[in-house]
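K.L.:
Have a look at this one before I ask anything.
Each value in this text was obtained by applying a stated rule to the coordinates, not by laboratory testing. Every value quoted in this text rests on a predicted model; they were computed, and no experiment measured them. Glycine gets a Cβ as well: all are built from the backbone with ideal geometry, and neighbour counts include every protein chain shown.
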Amino acid sequence: MKDVLENIEDQFEMFQVLDENGEIVNEDWKPDLSDDDLKELMRRMTYTRVLDQRSIALNRQGRLGFYAPTAGQEASQLASHFALTKEDYLLPAYRDVPQLIWQGLPLYQAFLFSKGHYAGNQMPEDVHALSPQIIIGAQYTQTAGVALGLKKRGKQAVAVTYTGDGGTSQGDFYEGINFAGAYSAPAIFFVQNNQFAISVPVNMQTNAKTLAQKGVAAGIASFRVDGMDVFAVYAATKKARERAVNGEGPTLIETETYRYGPHTMAGDDPTRYRTEDMTNEWEKKDPLIRFRKYLNDKGIWSEDEENQVIENAKADIKKAIKEADNYPKQKVTDLIGNMFEELPHNLQEQMEEYKEKESK
């Protein structure tokens, strides 16, 4: 039995296309992307890195509420999203606001979500997505249901979700992938293995050698991907999407990555559980650095272009946070009114009480 387990684990080798030096090491899986596509992907990654830096600063100023840093995970998040279509349905976790923004959520609404305002959870009609899930792993069972709905309606679309390595320790993770596998639902399940579930390292969460292998028990296709490699993530996602819309069932993709910042800005101190040497090693694998090297070698990206993206991002963020700051404040009556279509008697009384207070 030990030999069987080791044989399975050994099959989940790391899938890589673009190495840390920005060189192609797997020509067969190099994505067929135009120069304009490559530049757009780099633009999104650069923009998102700036958004992360500014969001951390805004949080420290008290202008944002809950915020989970994303630096280091841009390839995992944005290269995967780049392989999707507008018709695909996104079910993000709380760290996956960047994908929502590129899916079409206005930036000011993303800031309202961070502030805890209900308007930050109201997706525009043309944005196929749910608001970020705070409950760890819950989006996996939701994704299985959404994917089955897409299948029953005959849609050529997939449901896509993300969780961290800690999410694989939740029951919802197993229930979601098992249900999707049993019904051959068109779903893509991402596990962004950033090495720590808050402060708990992966090797203390599970005895499994990889997280991708957890898909074997559910009978679904699984990949283990270099999550700092934009090409590997894009290629794996595109393949998973093709399988899903062709009726071949769901896919589990483990992207091995790293978050440079804390788990969230709510008091987490990563220096208490991570070494400086570990962070330095992962910084050498930075997804922006290796992708920039590749684009520079092709002669299609320059420092001036990147600086322009940075300035545009700063301007957009300044405008969006001002809009979020000036948005009508959330009232207690808003919270009560949003809970039910028809208020029960006890809440009707509270509604009238707070309406009177708010009118003064």
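K.L.:
Which whole-number percentage describes the relative contact order of the chain, with Cα contacts under 8 Å and a sequence gap of 6 or more?
P.N.:
That works out to 23 percent.
K.L.:
Given H placed on each backbone N at 1.01 Å, which residues far from S222 in sequence or on other chains put an amide H within less than 5 Å of it?
P.N.:
For S222, whose amide H was placed from the backbone, the distant partners under 5 Å are L252.
K.L.:
Using a simple spin-label model with points 7 Å from Cα along the Cα→Cβ vector, what separation in nm is obtained for E276 and D32?
P.N.:
About 4.9 nm separates the two model spin labels.
K.L.:
If you take the charge dipole of the chain about its Cα centre, with +1 on Lys and Arg Cβ and -1 on Asp and Glu Cβ, which of S169, Y327, L84 is farthest toward its positive end?
P.N.:
Y327
K.L.:
Ok, one more. Which lysines, if any, have their Cα less than 28 Å from the Cα of K329, not counting same-chain residues under 8 positions apart?
P.N.:
Within reach: K115, K314, K318, K319, K355, K357, K360.
K.L.:
Calculate the spin-label point distance for L347 paired with D3, positioning each point 7 Å from the Cα along the beta-carbon direction, and give it in nanometres.
P.N.:
Here the modelled spin labels are 6.2 nm apart.
K.L.:
Which whole-number percent gives the relative contact order of the stretch 56-178, counting Cα pairs below 8 Å spaced six or more residues apart?
P.N.:
Normalised by residue count, the contact order of the stretch 56-178 is 27 percent.
K.L.:
Could you work out how far apart the two model spin labels at A217 and F66 are, taking each label as a point 7 Å from the Cα in the direction of the beta carbon, and quote it in nm?
P.N.:
With each label point 7 Å from Cα toward Cβ, the separation is 2.8 nm.
K.L.:
Place a +1 charge on the Cβ of each Lys and Arg in the chain and a -1 charge on the Cβ of each Asp and Glu, then give the dipole magnitude about the Cα centre in debye, rounded to the nearest 20.
P.N.:
Taking the Cα centre of the chain as origin, the dipole is about 740 debye.
K.L.:
What relative contact order, as a whole-number percentage, does the stretch 214-360 give when Cα pairs under 8 Å and 6 or more residues apart are counted?
P.N.:
Rounded, it is 16 percent for the stretch 214-360.
K.L.:
Where does helix 171-182 land angle-wise versus the long Cα axis of the chain, in degrees 0 to 90, nearest 10?
P.N.:
Helix 171-182 sits roughly 60 degrees off the main axis of the chain.
K.L.:
Also, quick follow-up: Quick one: what are the phi-derived ³J(HN,Hα) couplings along the stretch 341-347, Karplus 6.51/-1.76/1.60 with θ = phi - 60°, whole Hz, x for glycine and proline?
P.N.:
6, 10, 6, x, 4, 5, 6
K.L.:
Once Kirkwood radius over Cα pairs in Å is worked out from the coordinates, which option in (1) 21.5; (2) 20.9; (3) 23.6 does it equal?
P.N.:
(1)
K.L.:
Using a Gaussian network model of the chain with C-alpha springs under 10 Å, which one of K314, K285, K238 is most mobile by mean-square fluctuation?
P.N.:
Top of the fluctuation ranking is K314.
K.L.:
Let me ask something additional. If you average the alpha carbon positions of the stretch 171-195 and of the stretch 20-53, how far apart do those two centres end up, in angstrom?
P.N.:
26 Å
K.L.:
Per-residue ellipticity at 222 nm for the chain, helices alone: DSSP H runs ≥ 4 residues times -39500 (n - 2.57), over residue total, nearest 500 deg cm²/dmol?
P.N.:
-14000 deg cm²/dmol
K.L.:
Just to confirm the number: angle between the C-alpha axis of helix 303-325 and the first principal axis of the chain, 0 to 90 degrees, nearest 10?
P.N.:
30 degrees
K.L.:
Cut-off 10 angstrom, C-alpha nodes, Gaussian network model of the chain. Which of A57, A185, A232 fluctuates the most?
P.N.:
The residue that fluctuates most here is A57.
K.L.:
Give the distance, in whole Å, between the Cα centre of the stretch 197-235 and the Cα centre of the stretch 244-314.
P.N.:
17 Å
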